[in-house]
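Let me begin by presenting the structure, written as structure tokens, before commenting on it.
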Amino acid sequence: MGENWSFLDSVEPNFRPLVIIELAKGTKEETIEWLTKRIVDKKANGGAQLLIKPLLTENGVENIYLVGASHLRLLLGAETVGLVKECNDNSMRAFTYSSRKTFKHFADDNHNFLTMAECQYIIKHELENLRAKNEKMIPGYPQAKLYPGKSIVRRLLTSGILVQIFPLHDREELKKLSHSWYGRVKVGYQPLDDIRCYFGETIALYFGFLEYFTFALIPMAVIGIPYYVFAWEDYDKYVMFATFNLLWSTVILEVWKRICAILTYRWGTLLMKRQFEEPRPGFHGVLGINPVTGREEPVYSSIKRQLRIYLVSLPFVCLCLYFSLYVMMIYFDLEQWALDYHKENESNFSSLMLYVPSIIYAVVIEIMNRIYRYAAEFLTSWENHRLESSYQNHLILKVLVFNFLNCFASLFYIAFVLFDMKLLRQSLATLLITSQILNQFAESLLPYWLQKRYNRRMKKRTCSKKTHMDLSLAEQVNMEKEMGTYLGTFDDYLELFLQFGYVSLFSCVYPLAAVFAVLNNITEIYSDALKMCRVYKRPFAEPTANIGVWQLAFETMSVISVVTNCILIGMSPQVDALFPDSKMDLVLTVALVEHLLLAIKFIMAFVIPDKPRDIQTKLAKLEFESLEALKQQQMKLAAESLKE
């Protein structure tokens, strides 16, 4: 960095609160003084060099603090975290304070050069990187031990001293975004650029993928309706539908990579160079020296971590998988009981009873998925992964394996063990529709209702008839701190992943799956938008260049769908009749077709570039210019050394 942090002023005449820190009631004064000193202290002294003020209310000073930063501090922070902005020549480059004049819309008096979400991300980064120096404990709390390099924020959270940290909403911008996003029902695209400016790239990319996936499902839904109506039992006609499904699943995932590249290049995150990853706040160990960076940081034995993974986590996951299969067998016992009851009574009530086991099983699946999620998070945290990316990968792997088996094992058992296509259609339809209804209720309707209830209580308690736009800062903070916390896009992507499995794995058996998926996703867009704007606290922005490991998860699901659909078609009576003499010929033919379709799938994935040509050219040009600049710098240093 070309600038010295010491010239930063700690006083900002126009203080703008960006982030809220809530401490526990009764927090000791010496603790508050120490924490605020560390936040405002200079970077050279191990501080964050930010601004902090207590929130003043009618009752005086509460344990709530407003954190902000000077304009200059935010610009230097933008360079530290590697934000990429658009230059005057329309190219995208990493922001540096020394070359700030070359960036579009930059002016010394333009405090909107960085979006509010970017400013809050910078403050979060600085707070999370506050680490203990020589302190042995949190002042005032001898039981809250510290050691050099330990994350201060993490220790305050685990000790219960720090209740929460969250970014503040901008009520005026939120109202504009709400109106253009979900305020009126319309046929059109979402305002992804506005979503990105307000919530950050990770959330904007999720809504972009949700919108794209919904549009991509429409051809499958349109084709599936006539297949459902006119060719229900004719499996010969499903060969074409299944083949289209397999090619469709490949094309949409490859095209998404291109759309993702276009979006993230425009937002700057495609070029954003990841700094050497800092240890995640929850990582702990003995203080040591990182051999790569030379910095002091906690060190934890990888052997201990592997022992925890293979001797504890892996057996626990296997036990959960076994329990899931055991519950599945209970479900089949219920199915048999319902079938026997229907045969004995032959009434409308007994016909309805045929669907009861599937509905009960769908509810049980959702409950088991949610309980297992908490257990997986605890185990993954206990494994003590150093990097956030490693933590997320291990967590996603645990959850995906369980959810895949829990949601689809019964369908595979019905298809390939019981060979009951009628029961497969019934179970697939019931599981899909029930899971969609439960997710909509649990993720959107229930939180929205609870939040509305809380807002009414707040207004009665303050005897205020103000709208959200008229709330004072203290009232706004008190209202937002009680709102639910958005836990990230994990559950949202997981829901789409399972939906993709329902649509693609058994498409030739239940073509209407895509229709229900489209209807669900249309309501999902509006309900997710509503909960982001009205139900949850504003989440911190997180820069990202793609949807991460979820891309691989969707691609893996599409490969599995090739195998399942080929086997299902091979099992049909019409195809079986073509090989009356030799079943081995049937197996070999199905295997050949499956390999051929997989080959076509991988060829298509190879042929379709991940990035459009113009973006490839721009990236190559930037790389060339970076190398030229490095070469010029080296030549300059060599010339100076020769003069000496």
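Brief remarks on what is shown
- For the listed residue pairs LYS531/LYS611; LYS43/LYS621; LYS37/LYS124; LYS37/LYS136; LYS136/LYS537; LYS37/LYS101, the alpha carbons are over 25 angstrom apart in LYS531/LYS611; LYS43/LYS621; LYS136/LYS537; LYS37/LYS101.
- Of all accessible heavy-atom area on the chain, the percent that carbon and sulfur account for (1.4 Å): 63
- Cα gyration tensor, the stretch 52-98 - rounded (a/c under 1.5), prolate or oblate: prolate
- Sequence-distant residues sharing a close amide H with ALA69 (under 5 Å, placed H): ARG16, LEU51
- Global form of the stretch 302-460, assessed from the alpha-carbon gyration tensor, a/c cut-off 1.5: oblate
- Only beta bridges with both residues in the chain are counted; by DSSP, about 95 percent of them are antiparallel.
- When only alpha carbons are used to place a centre, the stretch 492-515 and the stretch 584-644 end up 32 Å from one another.
- Among complete DSSP H helices in the chain, those whose alpha-carbon atoms stretch at least 27 Å along the helix's long axis and whose mean Kyte-Doolittle hydropathy reaches 1.6 are 583-607.
- The stretch 526-569 and the stretch 107-182 have Cα centres spaced 27 Å apart.
- Neighbourhood net charge (13 Å Cβ-Cβ; Lys/Arg +1, Asp/Glu -1) for GLU22: 0
- All-pairs alpha carbon distance profile, the stretch 19-168, 10 Å steps from 0, percent: 10, 37, 29, 16, 7, 1
- Put simply, the amide H of GLY484, placed in the peptide plane, has neighbours under 5 Å in LYS537, leaving out anything fewer than 5 places away on its chain.
- The overall shape of the stretch 489-644 is oblate: from the C-alpha gyration tensor, with semi-axes ordered a ≥ b ≥ c, the ratio a/c is 1.5 or greater and a/b is no larger than b/c.
- The chain, accessible area per residue, ligands and nucleic acids excluded (1.4 Å, Å²): 50
- Per residue, the average separation of C-alpha pairs within less than 8 Å and at least 6 apart gives the chain a relative contact order of 18 percent.
- Look at the dipole of the chain built from charges on Cβ: of HIS125, PHE441, TYR227, the Cα furthest out on the positive end belongs to HIS125.
The values are calculated or read from the model by the stated rules, or taken from the named source; none is laboratory data. Values in this document were obtained by computation on a predicted structure and should not be read as measured data. Neighbour counts are summed over all protein chains in view; Cβ atoms, including those assigned to glycine, are modelled from backbone coordinates with ideal geometry. Note: areas computed on protein heavy atoms with side chains; ligands, DNA, RNA excluded. Shrake-Rupley method; radii C 1.70, N 1.55, O 1.52, S 1.80 Å.
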